[in-house]
Every structure is written in structure tokens, then in C-alpha cells.
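Written below as C-alpha cells is the structure these notes are about.
The values are calculated or read from the model by the stated rules, or taken from the named source; none is laboratory data. Treat the numbers as computed from the prediction; the structure is a model and nothing was measured. Cβ: placed from backbone, ideal geometry, glycine included. Neighbour counts: every protein chain shown.
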Amino acid sequence: MGIQITPSILNADFAALGAEVARIGSADWVHMDVMDDHFVPNLTFGPTMVEAIARSTDIPLDAHLMIADPDRRALDYVDAGCGSVTFHVEAAKAPIRLAREIRKAGARASMALKPATPIEPYEELLPELDMLLIMTVEPGFGGQKFLDLCLPKIRTARRLMAKHGVETWLQVDGGISLETIERCAEAGADVFVAGSAVYSADDPDRMVAQLRAKAEAASG
């Protein structure tokens, strides 16, 4: 697997999401930021909206659940059409069981860590995951500044993946732009969520290509 670019629709026009997704035709995934106003202080959308977007595009959907009860709600997003579902380890009561349930339901299982959450206590969970998401801003709002302090954690995560011989994808989310994506790729990330950078561009799909080129050059 090479570099993957996953634009977040959090910064898109919610009144025309089908058309907005059509503007990123070369993206590898569409990133869906699901927030419940409990785990994070923001409220976005739920499975019904995700299902509607799944009907409007052939690009696979990547749901990032910033919700207080992922153990009970995660499979709703598989049923809604997501090919990848990410839960926060800070919210999950039984992360191994939840990852296995997501996989059994037919989606890729991913676990997210907030900036202050270390990866080392969860090293043994890596074989249970298809992807690990390291947040490079505090979850809840788009347009935040990238936190360089997260780069050592990206490097540690990549080292631990190599140690265990797993092919787990390493995703980063928060403040990803042409100015920051190279540092993340050099640290070992291979899946990049970009919201503001993509949807503030005059040509979002061209920005997807530019981000991909920067990451590929840095990772090589």
C-alpha cells in the first residue's frame, strides 16, 4: 500500500455534500467526522447522513467516530456503508472486542489516539487493527494548527508496527497541509486526512494530487 489521501468533508459545504464529494474524485477515501457533542464539543451528523453520502459516490467512506459510546454505535456506520470505522481508545470500553466486531461486520477496524494519549500502552492491540489514527490536533473542530509534538508518537507507532510485523496503516488527522504533510510522511504516516487544505483550495482534487506528491516524495 502506498500513500493515501483522505479528504475530510468537515470543511465542505454541508448543503451540497454530494457535489462536494464529487470535487475530490482522485481521493482514496472520504473522511467522515462523526461528532456527538459529548466526547467532543461539536455536533455533526450520524448514520443517516453517512448512508446518503455512500449512495452518492464510489469512493469508500472512512468514518472517524468522535463519540462517547463507540462500543454501541460503531456497527451502525458499517451498516451505513463505511469501509473503515475508527473509534477512540479513550472512549471505547472494550477496544479489542470492538475492533473484532467491526472486522467481522466487513469493515476495516481503526483506533484513534488524542494528542496526549501515548501509543505504548496499546502496543499489543496493533495486530487487532487495520489502521491506527494519530490525532495531530485536539479532536472536535477543523482548521486547527498542526501539533509538531505529535511527530515522535508517529515515529514510535511506525517502529512498533515494524516490531510486530503488522501491515497496519498509520493515519494522521489535524492541520495536514502542503506545509505539514512532508514531516508526517517522513515520520512514518501513510494515510493523511486533510480538510481545510483541500476544501479551501480553488480546485480540491488538484490539492489532493499535490498533497499526494509531497507525501510520496517525503516517504521515499
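Residue-by-condition table, conditions (1) modelled with pLDDT of 95 or more; (2) under 17 Å from the mean Cα position of the chain (by Cα):
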position	(1), (2)
Thr117	yes, yes
Leu132	yes, yes
Gly142	no, yes
Phe146	no, yes
Leu151	yes, yes
Thr156	yes, no
Arg159	yes, no
Next on the checklist: Suppose we keep only residues that are of a type in the set (S, T, N, Q) and out of contact with any helix residue (DSSP H, G or I) (no Cβ under 6 Å at 6 or more places or on another chain) within region 168-211. Which one would you say is surrounded by the most Cβ atoms within 10 Å (Cβ to Cβ)?
Outcome noted: Gln171
Item to check | Single residue of region 118-167 satisfying the filter (charged (D, E, K, R) and more than 18 Å from Glu90 (Cβ to Cβ)) that is surrounded by the fewest Cβ atoms within 10 Å (Cβ to Cβ) | outcome: Glu167
Item to check | Residue within region 8-27 that is buried (at least 23 other Cβ atoms within 10 Å of the Cβ), assigned to a strand (DSSP E or B) and in contact with a strand residue (DSSP E or B) (Cβ under 9 Å, 6 or more places away or on another chain) present | outcome: yes
Checklist entry - Hey, among Ala63, Ala92, Ala68, which residue is in contact with a Phe, Trp or Tyr (Cβ under 6 Å, 6 or more places away or on another chain) and surrounded by fewer than 20 Cβ atoms within 10 Å (Cβ to Cβ)? => result Ala68
Item to check | Qualifying positions in region 28-57 - under 16 Å from the mean Cα position of the chain (by Cα) and outside any loop (DSSP other than H, G, I, E, B) | outcome: Val30, His31, Met32, Asp33, Val34, Met35, Val50
Next on the checklist: Being of a type outside the set (Val, Ile, Thr) and surrounded by fewer than 16 Cβ atoms within 10 Å (Cβ to Cβ) is the filter here; which residues of region 28-48 pass it?
Outcome noted: Asp37, His38, Pro41, Asn42, Leu43
